[in-house]
Amino acid sequence: LEKNMYDAITKSCSEFEVYFQPVISEPIDNKSGRKQYKHVGAEALVRWNSSKLGFLSPDEFVPLAEYLGLITPIGNHVLKKACECCRQWNESGTGEYAVSVNLSVVQIMQNDIVDVIRKNIEENHINPRNLVLELTERLAINDLARTKQTLLDIKALGVRLALDDFGTGYSALSSIRALPFDIIKVDQNFAKDLAEDDYSQAFIRMMAELGKAINAEICVEGIETQAQLDAIKGMGVKYVQGYYYDKPMRRVAFEEKYVYN
Ligand code: G
Ligand code: G
Ligand code: MN
Ligand code: NA
(Lines give C-alpha, C1' and ligand atoms only; values in the text may rest on other atoms or scores of the structure.)
(Ligands and ions follow the chains in the order given, each with its own letter.)
Protein backbone atom coordinates (compact mmCIF):
# COMPACT_ATOMS: atom_id res chain seq x y z
CA LEU A 1 0.00 0.00 0.00
CA GLU A 2 2.74 2.39 1.03
CA LYS A 3 4.91 1.90 -2.07
CA ASN A 4 1.92 2.13 -4.40
CA MET A 5 0.83 5.32 -2.67
CA TYR A 6 4.25 6.95 -3.20
CA ASP A 7 4.16 5.88 -6.87
CA ALA A 8 0.64 7.23 -7.37
CA ILE A 9 1.64 10.60 -5.93
CA THR A 10 4.74 10.70 -8.14
CA LYS A 11 2.43 10.16 -11.12
CA SER A 12 0.86 13.58 -10.37
CA CYS A 13 -2.00 12.03 -8.35
CA SER A 14 -3.96 11.18 -11.50
CA GLU A 15 -5.13 7.91 -9.91
CA PHE A 16 -6.91 9.86 -7.17
CA GLU A 17 -10.37 10.64 -8.45
CA VAL A 18 -12.71 13.12 -6.81
CA TYR A 19 -16.35 12.13 -6.41
CA PHE A 20 -19.11 14.55 -5.44
CA GLN A 21 -22.09 14.04 -3.16
CA PRO A 22 -24.86 16.65 -3.16
CA VAL A 23 -25.34 18.70 -0.01
CA ILE A 24 -28.96 19.81 0.00
CA SER A 25 -29.96 23.12 1.45
CA GLU A 26 -33.50 23.89 2.52
CA PRO A 27 -35.43 20.84 1.40
CA ILE A 28 -38.91 21.88 0.31
CA ASP A 29 -41.68 19.96 2.03
CA ASN A 30 -44.86 20.17 0.08
CA LYS A 31 -46.87 16.98 -0.29
CA SER A 32 -45.64 16.10 -3.73
CA GLY A 33 -42.29 17.73 -3.05
CA ARG A 34 -40.25 14.66 -2.31
CA LYS A 35 -36.57 15.24 -3.00
CA GLN A 36 -37.10 18.88 -3.86
CA TYR A 37 -34.81 21.57 -2.57
CA LYS A 38 -33.81 25.16 -3.06
CA HIS A 39 -30.06 24.87 -3.37
CA VAL A 40 -27.43 22.26 -3.83
CA GLY A 41 -23.75 22.09 -3.04
CA ALA A 42 -21.30 19.22 -3.18
CA GLU A 43 -18.86 17.46 -0.89
CA ALA A 44 -15.68 16.32 -2.62
CA LEU A 45 -14.75 12.75 -1.63
CA VAL A 46 -11.57 11.13 -2.88
CA ARG A 47 -11.25 7.59 -4.29
CA TRP A 48 -8.09 5.86 -5.39
CA ASN A 49 -8.23 4.05 -8.74
CA SER A 50 -4.96 2.21 -8.26
CA SER A 51 -3.55 0.51 -11.35
CA LYS A 52 -2.02 -2.12 -9.02
CA LEU A 53 -4.53 -2.43 -6.19
CA GLY A 54 -7.86 -1.63 -7.81
CA PHE A 55 -10.50 0.75 -6.48
CA LEU A 56 -9.87 1.90 -2.92
CA SER A 57 -12.20 3.93 -0.71
CA PRO A 58 -10.72 6.63 1.55
CA ASP A 59 -11.27 4.51 4.66
CA GLU A 60 -8.75 2.09 3.16
CA PHE A 61 -5.96 4.58 2.50
CA VAL A 62 -6.54 7.98 4.19
CA PRO A 63 -5.38 6.80 7.67
CA LEU A 64 -2.10 5.48 6.20
CA ALA A 65 -1.73 8.61 4.06
CA GLU A 66 -2.11 10.69 7.23
CA TYR A 67 0.43 8.58 9.07
CA LEU A 68 2.97 8.92 6.23
CA GLY A 69 2.31 12.63 5.68
CA LEU A 70 1.11 11.82 2.16
CA ILE A 71 -2.37 13.20 2.84
CA THR A 72 -0.86 16.61 2.08
CA PRO A 73 -0.12 16.01 -1.65
CA ILE A 74 -3.32 13.97 -2.02
CA GLY A 75 -5.34 16.63 -0.22
CA ASN A 76 -3.81 19.39 -2.34
CA HIS A 77 -4.84 17.48 -5.43
CA VAL A 78 -8.43 17.12 -4.16
CA LEU A 79 -8.57 20.81 -3.22
CA LYS A 80 -7.36 21.81 -6.68
CA LYS A 81 -9.93 19.62 -8.46
CA ALA A 82 -12.72 20.82 -6.16
CA CYS A 83 -11.85 24.48 -6.74
CA GLU A 84 -11.75 23.93 -10.51
CA CYS A 85 -15.24 22.44 -10.32
CA CYS A 86 -16.43 25.27 -8.09
CA ARG A 87 -15.26 27.75 -10.69
CA GLN A 88 -16.77 25.93 -13.64
CA TRP A 89 -20.12 25.20 -12.00
CA ASN A 90 -20.58 28.78 -10.78
CA GLU A 91 -19.58 30.18 -14.16
CA SER A 92 -21.72 27.94 -16.32
CA GLY A 93 -24.20 26.09 -14.08
CA THR A 94 -27.83 26.88 -13.32
CA GLY A 95 -27.35 27.93 -9.69
CA GLU A 96 -24.81 28.86 -7.06
CA TYR A 97 -22.66 25.99 -5.86
CA ALA A 98 -20.69 25.61 -2.66
CA VAL A 99 -18.04 22.91 -2.71
CA SER A 100 -16.86 21.22 0.50
CA VAL A 101 -13.41 19.70 0.87
CA ASN A 102 -12.23 17.49 3.74
CA LEU A 103 -9.00 18.67 5.35
CA SER A 104 -7.00 16.41 7.61
CA VAL A 105 -5.55 17.87 10.81
CA VAL A 106 -2.20 16.79 9.31
CA GLN A 107 -2.78 19.30 6.48
CA ILE A 108 -3.80 22.02 8.92
CA MET A 109 -0.40 21.65 10.58
CA GLN A 110 1.50 22.43 7.33
CA ASN A 111 3.09 25.88 7.39
CA ASP A 112 1.87 26.77 3.91
CA ILE A 113 -1.75 25.63 4.28
CA VAL A 114 -3.17 29.17 4.21
CA ASP A 115 -1.16 30.04 1.07
CA VAL A 116 -2.24 26.83 -0.65
CA ILE A 117 -5.90 27.62 -0.02
CA ARG A 118 -5.48 31.26 -1.08
CA LYS A 119 -3.74 30.24 -4.28
CA ASN A 120 -6.57 27.86 -5.22
CA ILE A 121 -9.20 30.54 -4.59
CA GLU A 122 -7.31 33.17 -6.59
CA GLU A 123 -6.37 30.98 -9.53
CA ASN A 124 -10.00 29.96 -9.96
CA HIS A 125 -11.53 33.37 -9.18
CA ILE A 126 -14.05 31.72 -6.89
CA ASN A 127 -16.15 33.46 -4.29
CA PRO A 128 -14.45 32.20 -1.11
CA ARG A 129 -17.85 31.72 0.55
CA ASN A 130 -18.42 28.93 -1.93
CA LEU A 131 -15.51 26.96 -0.55
CA VAL A 132 -16.22 25.01 2.65
CA LEU A 133 -13.37 23.28 4.43
CA GLU A 134 -14.35 20.34 6.63
CA LEU A 135 -12.30 19.36 9.63
CA THR A 136 -12.86 16.28 11.74
CA GLU A 137 -11.70 15.43 15.23
CA ARG A 138 -11.22 11.81 14.25
CA LEU A 139 -7.61 12.52 15.10
CA ALA A 140 -7.16 14.51 18.28
CA ILE A 141 -6.25 18.15 17.87
CA ASN A 142 -2.98 18.34 19.79
CA ASP A 143 -2.15 22.01 19.68
CA LEU A 144 -5.42 23.87 20.18
CA ALA A 145 -3.87 27.35 20.23
CA ARG A 146 -2.04 26.80 16.95
CA THR A 147 -5.03 25.13 15.33
CA LYS A 148 -7.23 28.02 16.35
CA GLN A 149 -4.85 30.59 14.86
CA THR A 150 -4.56 28.63 11.62
CA LEU A 151 -8.34 28.32 11.34
CA LEU A 152 -8.72 32.06 11.95
CA ASP A 153 -6.15 32.72 9.19
CA ILE A 154 -8.04 30.40 6.84
CA LYS A 155 -11.34 32.03 7.72
CA ALA A 156 -9.85 35.44 7.00
CA LEU A 157 -9.69 34.33 3.35
CA GLY A 158 -13.49 34.34 3.41
CA VAL A 159 -14.00 30.59 3.21
CA ARG A 160 -16.36 28.75 5.52
CA LEU A 161 -15.27 26.11 8.03
CA ALA A 162 -17.23 23.01 8.96
CA LEU A 163 -16.72 20.66 11.90
CA ASP A 164 -17.24 17.18 10.45
CA ASP A 165 -18.48 13.93 12.04
CA PHE A 166 -19.63 15.76 15.14
CA GLY A 167 -20.69 13.45 17.98
CA THR A 168 -18.04 10.78 17.40
CA GLY A 169 -14.30 10.36 17.90
CA TYR A 170 -12.71 13.14 19.93
CA SER A 171 -15.62 15.54 19.32
CA ALA A 172 -15.95 17.95 22.19
CA LEU A 173 -18.44 20.70 22.82
CA SER A 174 -15.46 22.80 23.89
CA SER A 175 -14.11 22.71 20.32
CA ILE A 176 -17.30 24.23 19.00
CA ARG A 177 -16.85 27.06 21.41
CA ALA A 178 -13.11 27.49 20.92
CA LEU A 179 -12.84 27.12 17.15
CA PRO A 180 -14.49 29.36 14.54
CA PHE A 181 -16.84 26.96 12.74
CA ASP A 182 -19.61 28.14 10.40
CA ILE A 183 -21.19 24.72 9.97
CA ILE A 184 -21.49 21.71 12.29
CA LYS A 185 -21.99 18.40 10.52
CA VAL A 186 -23.76 15.91 12.79
CA ASP A 187 -22.30 12.44 12.31
CA GLN A 188 -24.36 10.04 10.22
CA ASN A 189 -24.76 7.70 13.19
CA PHE A 190 -27.40 10.06 14.54
CA ALA A 191 -29.39 9.80 11.32
CA LYS A 192 -29.44 6.01 11.42
CA ASP A 193 -32.15 5.60 14.05
CA LEU A 194 -33.54 9.11 13.81
CA ALA A 195 -37.04 8.03 12.86
CA GLU A 196 -37.54 5.93 16.02
CA ASP A 197 -34.95 7.15 18.54
CA ASP A 198 -35.70 10.01 20.92
CA TYR A 199 -32.03 10.43 21.81
CA SER A 200 -30.93 11.14 18.24
CA GLN A 201 -33.78 13.57 17.74
CA ALA A 202 -32.95 15.35 20.97
CA PHE A 203 -29.28 15.49 20.02
CA ILE A 204 -30.02 17.14 16.68
CA ARG A 205 -32.48 19.54 18.27
CA MET A 206 -29.83 20.43 20.83
CA MET A 207 -27.20 20.98 18.13
CA ALA A 208 -29.55 23.23 16.18
CA GLU A 209 -30.17 25.25 19.33
CA LEU A 210 -26.45 25.49 20.06
CA GLY A 211 -25.82 26.45 16.44
CA LYS A 212 -28.12 29.45 16.80
CA ALA A 213 -26.15 30.67 19.81
CA ILE A 214 -22.82 30.56 18.00
CA ASN A 215 -24.04 31.46 14.54
CA ALA A 216 -23.32 28.07 13.00
CA GLU A 217 -25.55 26.18 10.60
CA ILE A 218 -26.28 22.50 11.16
CA CYS A 219 -25.87 19.79 8.54
CA VAL A 220 -27.28 16.31 9.18
CA GLU A 221 -25.46 13.57 7.28
CA GLY A 222 -26.56 10.07 6.39
CA ILE A 223 -30.19 10.83 5.54
CA GLU A 224 -31.41 7.76 3.67
CA THR A 225 -35.21 7.87 4.00
CA GLN A 226 -38.16 10.23 3.89
CA ALA A 227 -38.93 9.22 7.50
CA GLN A 228 -35.51 10.47 8.63
CA LEU A 229 -36.00 13.71 6.76
CA ASP A 230 -39.45 14.14 8.33
CA ALA A 231 -38.03 13.55 11.82
CA ILE A 232 -35.83 16.66 11.63
CA LYS A 233 -38.42 18.87 9.99
CA GLY A 234 -38.86 22.12 11.89
CA MET A 235 -35.69 21.70 13.95
CA GLY A 236 -33.82 24.40 12.08
CA VAL A 237 -31.39 22.12 10.25
CA LYS A 238 -30.01 24.02 7.25
CA TYR A 239 -28.30 21.26 5.28
CA VAL A 240 -28.87 17.57 4.74
CA GLN A 241 -26.76 15.02 2.97
CA GLY A 242 -27.28 11.34 2.30
CA TYR A 243 -28.26 8.50 0.03
CA TYR A 244 -31.89 9.66 0.09
CA TYR A 245 -30.76 12.30 -2.38
CA ASP A 246 -27.68 10.67 -3.88
CA LYS A 247 -24.53 8.73 -3.23
CA PRO A 248 -21.16 10.29 -4.01
CA MET A 249 -20.82 10.21 -7.80
CA ARG A 250 -18.34 10.96 -10.51
CA ARG A 251 -17.96 14.56 -11.60
CA VAL A 252 -19.70 14.08 -14.94
CA ALA A 253 -22.72 12.38 -13.33
CA PHE A 254 -23.01 15.17 -10.74
CA GLU A 255 -22.83 17.79 -13.47
CA GLU A 256 -25.50 16.13 -15.59
CA LYS A 257 -27.91 15.84 -12.70
CA TYR A 258 -27.26 18.98 -10.67
CA VAL A 259 -25.28 21.54 -12.65
CA TYR A 260 -26.50 21.57 -16.24
CA ASN A 261 -30.12 20.59 -15.62
O1 G B 1 -16.76 8.86 0.76
P2 G B 1 -16.52 7.94 1.88
O3 G B 1 -17.68 7.61 2.76
O4 G B 1 -15.93 6.66 1.44
O5 G B 1 -15.42 8.65 2.82
C6 G B 1 -14.94 8.01 3.95
C7 G B 1 -14.13 8.96 4.82
O8 G B 1 -13.00 9.46 4.11
C9 G B 1 -14.92 10.15 5.28
O10 G B 1 -14.74 10.25 6.68
C11 G B 1 -14.28 11.32 4.63
O12 G B 1 -14.26 12.45 5.46
C13 G B 1 -12.88 10.84 4.30
N14 G B 1 -12.42 11.51 3.10
C15 G B 1 -12.97 11.44 1.86
N16 G B 1 -12.30 12.22 0.98
C17 G B 1 -11.29 12.81 1.69
C18 G B 1 -10.25 13.75 1.35
O19 G B 1 -10.13 14.23 0.23
N20 G B 1 -9.40 14.09 2.37
C21 G B 1 -9.50 13.60 3.62
N22 G B 1 -8.63 14.00 4.55
N23 G B 1 -10.48 12.73 3.97
C24 G B 1 -11.36 12.35 3.03
O1 G C 1 -16.72 11.75 7.27
P2 G C 1 -17.44 12.33 6.12
O3 G C 1 -18.71 12.92 6.52
O4 G C 1 -16.61 13.26 5.30
O5 G C 1 -17.79 11.11 5.17
C6 G C 1 -18.86 11.08 4.35
C7 G C 1 -19.03 9.62 4.06
O8 G C 1 -20.35 9.19 4.32
C9 G C 1 -18.74 9.29 2.62
O10 G C 1 -17.93 8.18 2.59
C11 G C 1 -20.10 8.94 2.04
O12 G C 1 -19.98 7.92 1.06
C13 G C 1 -20.84 8.43 3.26
N14 G C 1 -22.27 8.67 3.17
C15 G C 1 -22.86 9.75 2.66
N16 G C 1 -24.22 9.66 2.75
C17 G C 1 -24.48 8.48 3.34
C18 G C 1 -25.69 7.82 3.70
O19 G C 1 -26.81 8.30 3.51
N20 G C 1 -25.56 6.60 4.30
C21 G C 1 -24.34 6.04 4.55
N22 G C 1 -24.33 4.83 5.14
N23 G C 1 -23.19 6.63 4.22
C24 G C 1 -23.24 7.85 3.62
MN1 MN D 1 -16.90 15.29 5.31
NA1 NA E 1 -19.06 13.69 8.24
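The values are calculated or read from the model by the stated rules, or taken from the named source; none is laboratory data. Bear in mind that the values here come from a model prediction, so they are computed numbers and not experimental data. For neighbour counting, all protein chains shown are included, and Cβ atoms are generated from backbone atoms with ideal geometry for every residue, glycine included.
A quick yes/no check of all residues on (1) within 16 Å of ligand 4 (Cβ to nearest atom); (2) modelled with pLDDT of 95 or more; (3) surrounded by 15 or more Cβ atoms within 10 Å (Cβ to Cβ):
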| site | (1), (2), (3) |
| --- | --- |
| Leu70 | no, yes, yes |
| Lys81 | no, yes, yes |
| Ser92 | no, no, no |
| Glu96 | no, no, no |
| Val99 | yes, yes, yes |
| Ile117 | no, yes, yes |
| Asn120 | no, yes, yes |
| Pro128 | no, yes, yes |
| Glu137 | yes, no, yes |
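Considering segment 170-261, the qualifying helices (runs of 4 or more DSSP H), each wholly inside and each with 2 or more residues that are within 15 Å of ligand 1 (Cβ to nearest atom), run over 189-192, 251-254. Evaluated against (1) at pLDDT 95 or above; (2) of a type outside the set (Gly, Ala, Ser); (3) away from ligand 1 (no atom under 15 Å from the Cβ); (4) surrounded by fewer than 15 Cβ atoms within 10 Å (Cβ to Cβ), Leu53 falls short on exactly one condition, (4).
In the set Asp165, Asp115, only one residue is more than 16 Å from ligand 1 (Cβ to nearest atom), charged (D, E, K, R) and within 28 Å of Ala65 (Cα to Cα); that residue is Asp115.
Inspection of segment 23-38 finds a residue satisfying the criterion of being within 13 Å of ligand 2 (Cβ to nearest atom), at negative phi and surrounded by 13 or more Cβ atoms within 10 Å (Cβ to Cβ). Residue count for segment 47-60 under the criterion of being under 13 Å from Glu17 (Cα atoms), more than 16 Å from ligand 4 (Cβ to nearest atom) and either in a helix (DSSP H, G or I) or in contact with a strand residue (DSSP E or B) (Cβ under 7 Å, 6 or more places away or on another chain) (or both): the result is 6. For segment 138-174, the set of residues classified as within 25 Å of Gly242 (Cα to Cα) and of a type in the set (Ser, Thr, Tyr) consists of Thr168, Tyr170, Ser171, listed by residue number.
Scanning segment 65-101 for residues that are in contact with a helix residue (DSSP H, G or I) (Cβ under 9 Å, 6 or more places away or on another chain) and closer than 23 Å to His125 by Cβ yields a count of 25.
This table checks each residue for (1) farther than 21 Å from Gly41 by Cα; (2) within 21 Å of the chain's Cα centre (by Cα).
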{"site": "Lys185", "(1), (2)": "no, yes"}
{"site": "Ala195", "(1), (2)": "yes, no"}
{"site": "Ala202", "(1), (2)": "yes, no"}
{"site": "Met207", "(1), (2)": "yes, yes"}
{"site": "Gly211", "(1), (2)": "no, yes"}
{"site": "Glu217", "(1), (2)": "no, yes"}
{"site": "Gly222", "(1), (2)": "no, yes"}
{"site": "Ala227", "(1), (2)": "yes, no"}
